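Here's the structure we're looking at; comments come further down.
The values are calculated or read from the model by the stated rules, or taken from the named source; none is laboratory data. What you are looking at is a predicted structure, and each value in this text was computed from that prediction instead of being measured. Here Cβ is always computed from backbone atoms with ideal geometry, including for glycine, and neighbour counts include all displayed protein chains. The area values use the complete protein model at the heavy-atom level, side chains included, leaving out ligands, DNA and RNA. Shrake-Rupley method; radii C 1.70, N 1.55, O 1.52, S 1.80 Å.
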Protein chains: 4
Amino acid sequence: MSLSTPKPPSTHWRLRLHEIIFEADTPAGKAFDIILIGSILVSVIIVMLESIGRVRAVYGDELHLAELFFTVLFTVEYLLRLISVKRPLRYAGSFFGIVDILAILPTYLSLFVPGTQYLFTIRILRLLRIFRILKLSAYLSEATILTSALRASRRKISVFILTVLSLVVVLGSLMYIIEGEENGFDSIPTSIYWAIVTLTTVGYGDLSPQTPLGKALASLVMIMGYGIIAVPTGIVTVELSQAALKLKQAVSSQSCPSCGAEGHDFDAVFCKYCGTHL
Amino acid sequence: MSLSTPKPPSTHWRLRLHEIIFEADTPAGKAFDIILIGSILVSVIIVMLESIGRVRAVYGDELHLAELFFTVLFTVEYLLRLISVKRPLRYAGSFFGIVDILAILPTYLSLFVPGTQYLFTIRILRLLRIFRILKLSAYLSEATILTSALRASRRKISVFILTVLSLVVVLGSLMYIIEGEENGFDSIPTSIYWAIVTLTTVGYGDLSPQTPLGKALASLVMIMGYGIIAVPTGIVTVELSQAALKLKQAVSSQSCPSCGAEGHDFDAVFCKYCGTHL
Amino acid sequence: MSLSTPKPPSTHWRLRLHEIIFEADTPAGKAFDIILIGSILVSVIIVMLESIGRVRAVYGDELHLAELFFTVLFTVEYLLRLISVKRPLRYAGSFFGIVDILAILPTYLSLFVPGTQYLFTIRILRLLRIFRILKLSAYLSEATILTSALRASRRKISVFILTVLSLVVVLGSLMYIIEGEENGFDSIPTSIYWAIVTLTTVGYGDLSPQTPLGKALASLVMIMGYGIIAVPTGIVTVELSQAALKLKQAVSSQSCPSCGAEGHDFDAVFCKYCGTHL
Amino acid sequence: MSLSTPKPPSTHWRLRLHEIIFEADTPAGKAFDIILIGSILVSVIIVMLESIGRVRAVYGDELHLAELFFTVLFTVEYLLRLISVKRPLRYAGSFFGIVDILAILPTYLSLFVPGTQYLFTIRILRLLRIFRILKLSAYLSEATILTSALRASRRKISVFILTVLSLVVVLGSLMYIIEGEENGFDSIPTSIYWAIVTLTTVGYGDLSPQTPLGKALASLVMIMGYGIIAVPTGIVTVELSQAALKLKQAVSSQSCPSCGAEGHDFDAVFCKYCGTHL
């Protein structure tokens, strides 16, 4: 953002502020990001410590003060962010804008509703900014592959999840009828919870079939789970492999000397768009 | 279904009814589908609520009445479906025809056998119709890829499941001999249930080996399970990848009129091997 | 096995016997196989029933007699198999030969060592013969793909398993020091068992960390398990995909008109071995 | 290391020692490696046995002596290794150098801090040397594929793990607020531990949701876990497949001297595009 034309002072400090807060390339911006990430980590650890009964009994007041301090700090930071961007509303509505406001609300909320300060840990999501400090582009492209693969498979996965949910309702109802309330399957929602715990191979064991018929059905569900857990893995693997391929093909392209078109295959001898010899 | 020839009135309303009930493109058909899906969801939730003891104690009668109401509604809908199709028997024998009849039978059955009304939740399967309302073709093609991949891998998977079942019987018997009835492994079927719970990595913990030898065998089973759980995932991934490839290739195969080469891209205008206009 | 030359009678019945026992194409052979599979299933179910205390109390004698009957039956069948093959010793040493002898030994063994008759269920492995009756070739080629993929990945998997075993010993020892005997981790072998249960995501819960440090290490182990469980899946998927590819390529080959060589690529114009135009 | 020039005696025995200790091709080197691996296995088993209370009560002194013996043995071996290499410091800082020193330190440490001798099992890592004795190159190339695949996916996996860790902190905090201390979720760290146990599908069951809302959130987490566990599997599979491809391609790339085409098979003698002898 090196601008050669002179600027009015008010714009100048906004640009400078924007550079510090939003960019990670300059020394000031990098220092700001590192301090910010440190503050986030420390503040999340403070909330965690506060949740431990024995710690709260001894250091409750100190931790509460520290929490308040970080909330004020993050509030100031949030306001600075808002005034340093050209379109504050647009920033406030973006993913990180929402996370930022969620990161300061809980403490204010906890003045009225006790206990909500633990929601404070949502500010951990701000840590995802860490990729800006690390070798930015390399990590972002990896993240892009991952998210684009997940986005490409979103329809397959929603078909899959709807099918699994229907299955789980039917299996849960069957199990409720077979095992009944005396074996802990005391309602259909509870039985559906059991079916999810089993199909996903989590298997807490807080609920497990007691009757022979229930065990037989559970065995069937588990063997079905074998096949079912393979489906999302297969979907994501195929999409990841195609996303990686697409990225590679885009790079390995050769442009046509005549029409300039790209995206030719490795073994192409003639341009497939204009017929010129490559 | 726009027919230009005049129709006798009786056929006309059947066509109209068919359009409303079976199609999702017209406003009336879409409205019908949305109301139907709403009714299914509400009726399934009612059955779930009824299964919760505390809720049943207070609202038992109201829920029972609501359930009866939905059963009558779905019975009428089922009859309308039957008279609006040309071949009612063929519809009654199709997947959704069977689900439809299963969705209304339990309530009538529960008049004679108490408890069976909970099977009512099988009507959740009717929800799979939801894909008709959403962007139809896109979701159906995804579902087609998934089911065709699963169908293509059905032989591999049946070889796999038969092998796993044999393994599980042998492992269960060994465990029954090693651990014995005093450690909960009170019969071979119970031990087979344990082996399935372990191999599928569900691991409830309602049964777990107590003797050193049993723990050693269990460790072996778990490490085997590592490799075994990889097999269905591998099968489904490979089939999914081939199904996706086939879908892509089927559309794009076009041979060059001059050299006959195939495998051109969708957007190819000239043959990439000899430069002839495609 | 249609032989036109006349045979001495003794060889003739051996051939006939071999045809019935070992082949599934002729009506007699198919009938024999179906009866055999039925007998195996019934005999395994009998052993399972015998292992259930309440069933044994009532039908113990009948089940024991039935078990004896099947043992005699399988002994006769085993002897017939031996005399109908040309090289009995070679058959006895093959996979199915060993399974056959293991399937009859336990009952005789149980005359001296009570309890060993439950090993009888090993005869379930004989069920793998079922693939001979079903559409033989199709299933066998699927089984071949699976086994060849597993064989191709056997080195990678042994590197993997040795690494996991080393890891598990180190993690188990750490956990033994951290948690100690008062939390159930009463020896290093027990702790190794816990590490295997955790890394494979089985998670019985019969042993689980109680101290904060133990929980932190366990969390680390579980997140490592994430990556670790992905490795065998990846190995098997890649090998399966290559095995499927190899099978396909072998079929789509075109032989050279000049040297007769096969295995050319789809887009080959000239034979890669002798240079002849294909 | 066959050197034709004469050597001063001191260098000669160092070379000879290096050959025995570090190489596995000569008979002496192979014998040394086999004895070493046997000693490692025996010493690890001794530490394991010592950790079992009942065994320690009876054979405690013998085991302790044996442990001391192996520590002296491995100390001597470590010193021999150091004096037989040209750059002892560089060896001491390598992976196996560190493992070697870690393998002897615990016993000396346990003279001052009781209990630390169980860390002795870290010497199991020395077993990874076993690949040197087995068919070296074949296993090493497999190990290379595995490690290069894991290294290539290290960025994707670190993006993935950071995302999962953030998710787990948020989910743990939510669960702490929903379930609270009366249901065992007695602090945010404990709840995060629960979230990790659930997301990784380990599912001990030492902590499981008791309230309906908690069960609903847990169900959501488990279904998310479905998709999440698919991601590392997909990453590793794609990288493994590319690493295997790269290994294959690196060897087989040879361009045609006439038309310059590449991508010929290993066994190709003529170019498949223009028929020129390669």
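With respect to the axis relating copies C and A by rotation, the chain C residue whose beta carbon is closest, plus that distance in Å, is C:205, 3. To the nearest 100 Å², how much accessible surface do chains B and C cover up together, summed over both, with a 1.4 Å probe? Separately minus together, B and C give about 4000 Å² buried.
Mean partner shielding of peptide B:181-191, defined as the number of other chain Cβ atoms within 10 Å of each residue Cβ, is 4. Remark: for residue pairs C:156/D:215; B:215/C:215; A:215/D:156; B:156/C:215; B:156/D:215, the C-alpha separation exceeds 30 Å in C:156/D:215; A:215/D:156; B:156/C:215; B:156/D:215. Suppose we look only past 15 Å in the calculated P(r) of the range A:28-90. What percent of the Cα-Cα pairs does that tail hold? Roughly 60 percent, rounded to a whole number. Given B:84, B:46, B:70, which one lies farthest toward the positive end of the charge dipole of the range B:42-105, if we put +1 on the Cβ of every Lys and Arg and -1 on the Cβ of every Asp and Glu? Of the candidates, B:84 comes out farthest on the positive side. Within 10 Å of the Cβ of each residue in D:101-111, the mean number of Cβ atoms contributed by other protein chains is 0.
One way to sum up the overall shape of the range C:152-246 is the equivalent ellipsoid from its Cα gyration tensor, whose semi-axes run 31, 12, 9 Å, largest first. Take residue C:89, move 7 Å from Cα toward the beta carbon, and the resulting point lies 6.6, 6.6, 9.3 nm from the same point in each other copy, nearest first.
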